[in-house]
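Remarks on the structure that follows.
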Amino acid sequence: MAEQLTVESFLKSTVGVPVLDVRSPGEYEQGHIPGALSFPLFSNDERKEVGTLYKQTGPEEALLKGLDFVGPKMSEFIRMAGKLSPERKVAVHCWRGGMRSRSMAWLLETAGFQVKILSGGYKAFRNAVLHDPIFPEKLIVLGGLTGSGKTPVLHALKAAGAQVLDLEKLACHKGSVFGGVGELPQPTQEQFENEIYSALFFADKEKIIWVEDESKAIGKLRVPNEIYQLLRSASLLFLEQSRASRLQRIVESYGHAAPEILEMYIRKIAKRLGGLRLKLALEALACKDITEAASQVLEYYDRTYLFGLEQREPTSWTKVEGYGSGMNELVNTLQIQADNLFKTGISADRI
């Protein structure tokens, strides 16, 4: 008999175990438990047909139609599960922990698999995401004006063993209006929320979590309000960088994009730039002077970021000289400052 588990137990006990999401591909694409594999019992069309029959004629006809669809696939389900888990251990879930997951669990158990089922299915997981958010006790925000290199520093912190919540990586977007350049398509809002929840669920509660300073929106996605409020109230270490260094980094990051793509993004913030800056930026772009075009746009981003910084408590943020002695020294300095904040209780009290 497959073991029924709560969301918390399911997530903890399935680390290293294939999690088979037996919902339809369309349901999976809308949102899924991070790390779960799409293992659909029905195709999108089959699910629609079974659902229609259930509503129009009742559960018996729907069940029979479902068996018609699943019967020819049963041997292939077992073969695929065996490839995914040679140890014959899997976890299964559907939408509500109902017939689809129980049917797959029965089939795989019959074939000798050890199976765990998520009680309440994906719906229970989403309820946890939406109604039981995780609030990290130790959060440090890494801030700095556009082009300060916050993301490379965040990656260096992670490489040094620090815990990082990389919202831009989860969002497949660098944050600014240009942030989609070179990135994969963004996930759904639902999946973005799932990824954040999962990252915080598995984080070590005793260790500091580093997160980059973000606005409410990252591309088309929105940072969940609870997380955004944490970002605004936590202590911030501000990377101090020269304007010339920031411009160079921006050109290196975005200068490879086609001019028409850059023009499209610049025009998206036309009203915020103002007529003169828009004109100067587009003229520079037409002359292939990417640095000057970036300089005009940077005026807007700096003004916007500094306004947000002014809304914070003056004692909640500290400047840190960036890259002066190299990345390793910067990472070491940041970690020392963060540790000192929590030793004094400043950041913990604010959170």
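The values are calculated or read from the model by the stated rules, or taken from the named source; none is laboratory data. These numbers come from a predicted model, not from an experiment. A quick note on method: Cβ atoms are made from the backbone with ideal geometry, for glycine too, and the neighbour counts reach across all protein chains shown.
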In segment 116-157, anything touching a Ser or Thr at 6+ places or on another chain (Cβ under 9 Å) and closer than 16 Å to residue 94 by Cβ is listed as 116, 117, 118, 119, 120, 121, 124
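This table checks each residue for (1) in contact with a helix residue (DSSP H, G or I) (Cβ under 9 Å, 6 or more places away or on another chain); (2) hydrophobic (A, V, I, L, M, F, W, C); (3) crowded, with 18+ Cβ neighbours inside 10 Å; (4) farther than 17 Å from residue 116 by Cα.
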| position | (1), (2), (3), (4) |
| --- | --- |
| 2 | yes, yes, yes, no |
| 10 | yes, yes, yes, no |
| 15 | no, yes, no, no |
| 25 | yes, no, no, yes |
Going through segment 175-214 in order, the residues found to be out of contact with any Phe, Trp or Tyr (no Cβ under 9 Å at 6 or more places or on another chain) and of a type in the set (D, E, K, R) are 183, 190, 193, 195, 204, 205, 206, 207, 212
Filter segment 194-236 down to residues that are in contact with a strand residue (DSSP E or B) (Cβ under 9 Å, 6 or more places away or on another chain), assigned to a helix (DSSP H, G or I) and of a type outside the set (Ser, Thr, Tyr), then give me how many there are.
7
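To keep it simple, each residue is scored yes or no on (1) among the hydrophobic types (A, V, I, L, M, F, W, C); (2) loosely packed, with under 13 Cβ neighbours inside 10 Å.
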{"residue": "236", "(1), (2)": "yes, no"}
{"residue": "251", "(1), (2)": "yes, no"}
{"residue": "258", "(1), (2)": "yes, yes"}
{"residue": "267", "(1), (2)": "no, no"}
{"residue": "276", "(1), (2)": "yes, yes"}
{"residue": "280", "(1), (2)": "yes, no"}
Does segment 82-132 hold any residues that are over 28 Å from the mean Cα position of the chain (by Cα), closer than 16 Å to residue 42 by Cβ and of a type in the set (Ser, Thr, Tyr), and which are they?
103
Among the residues of segment 139-153, is any among the basic types (Lys, Arg) and surrounded by fewer than 19 Cβ atoms within 10 Å (Cβ to Cβ)?
no
Quick check, is residue 120 in contact (Cβ under 8 Å) with a residue 40 or more places away in the chain, crowded, with 18+ Cβ neighbours inside 10 Å, small (Gly, Ala, Ser) and within 29 Å of residue 200 (Cβ to Cβ)?
yes
From (1) closer than 21 Å to residue 198 by Cα; (2) in contact (Cβ under 8 Å) with a residue 24 or more places away in the chain, pick out the condition that doesn't hold for residue 102.
(1)
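The rows are residues; the columns are (1) touching a residue at least 12 places away in the same chain (Cβ under 8 Å); (2) farther than 24 Å from residue 196 by Cβ; (3) in contact with a Cys (Cβ under 9 Å, 6 or more places away or on another chain).
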| residue | (1), (2), (3) |
| --- | --- |
| 30 | yes, no, no |
| 46 | yes, yes, no |
| 70 | yes, yes, no |
| 79 | no, yes, no |
| 87 | no, yes, no |
| 94 | yes, no, no |
Report whether or not residue 38 is out of contact with any Asp or Glu (no Cβ under 8 Å at 6 or more places or on another chain) and either surrounded by fewer than 13 Cβ atoms within 10 Å (Cβ to Cβ) or not assigned by TED's automatic domain parsing to the domain that holds residue 187 (or both).
no
Name every residue in segment 248-303 that is closer than 12 Å to residue 177 by Cβ, free of Cβ contacts under 8 Å to residues at least 60 places away in the same chain and among the hydroxyl-bearing types (Ser, Thr, Tyr), in order of residue number.
300
Quick check on my filter: what residues within segment 170-194 are surrounded by fewer than 17 Cβ atoms within 10 Å (Cβ to Cβ) and at pLDDT 95 or above?
188, 189, 190
If you take the residues of segment 70-116 that are of a type in the set (Phe, Trp, Tyr) and surrounded by 17 or more Cβ atoms within 10 Å (Cβ to Cβ), which of them is nearest to residue 27 (Cα to Cα)?
95
